[in-house]
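Any read-out appearing in this document is the output of simple, stated calculations on the displayed coordinates, not a laboratory observation. As the structure is a prediction and not an experimental result, all values here were calculated from the model. Heads up, the Cβs are rebuilt from the backbone with ideal geometry, glycines too, and the neighbour counts pull from every protein chain shown.
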């Protein structure tokens, strides 16, 4: 082998060795990058899932807290400056929802069949009225901010006596009596609100609803007061 051939052979060997050394290095870097990317994706996914879990838990706790403390509700910002009919709709929807929230546990916890039937009628009638009021709100005041006004006549007084936690802890006759004691002023508040609506509401549909509320809830108040006299003995 002459000098020229030896030089070419040496260059060939160096080229082969260089490629061999470079390949593992490139593979290692690529694998490391892929590993880091996978780790980052996993961490981000875990963070997102953790965030969603916390968010859902917070919403759930907030809803439970609201359901247990109707008496502590506050008015919406600037509610009193909104049209009266909008205030009535938003406030009565919340008021009705309070009665529904109270009545649903009674289907299981009430000791008397007549009280369970009464609770079922509250749920049926007031959920129907809630849905109707929501439809009117969407039709008449779409996009308007919430206008719950706790200072509307009858609203605050009717809610302050509601203690869902104490009611939930009661059993037997004590539950039945407490339920009626809390629902009577709640119904009476709805009657006061509805009487005001007869004088102030602009929409004829609201006045018709107000008359229905007065008629049905005054009748139910009379019934509950009769039960109370009997069950407290």
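Can you tell me how much longer the chain between residue 177 and residue 74 gets when fully stretched, taken as 0.36 nm per residue apart minus their C-alpha distance, in nm with one decimal?
34.3 nm
Between residue 195 and residue 142, take the C-beta separation as r, use R0 = 35 Å, and let me know the FRET efficiency to the nearest 0.05.
Efficiency for this residue pair is about 0.80.
Return one quarter of the surface area of the convex hull spanned by the alpha-carbon atoms of region 74-231, equal to its mean projected area, in nm².
Hull-based average projected area comes out at 8.7 nm².
If R0 is 45 Å, what FRET efficiency do you get for residue 112 and residue 135 from their C-beta distance, rounded to 0.05?
0.80
Only Cα pairs under 8 Å and at least 6 apart count here; give the relative contact order of region 101-233 as a rounded whole percent.
Normalised by residue count, the contact order of region 101-233 is 23 percent.
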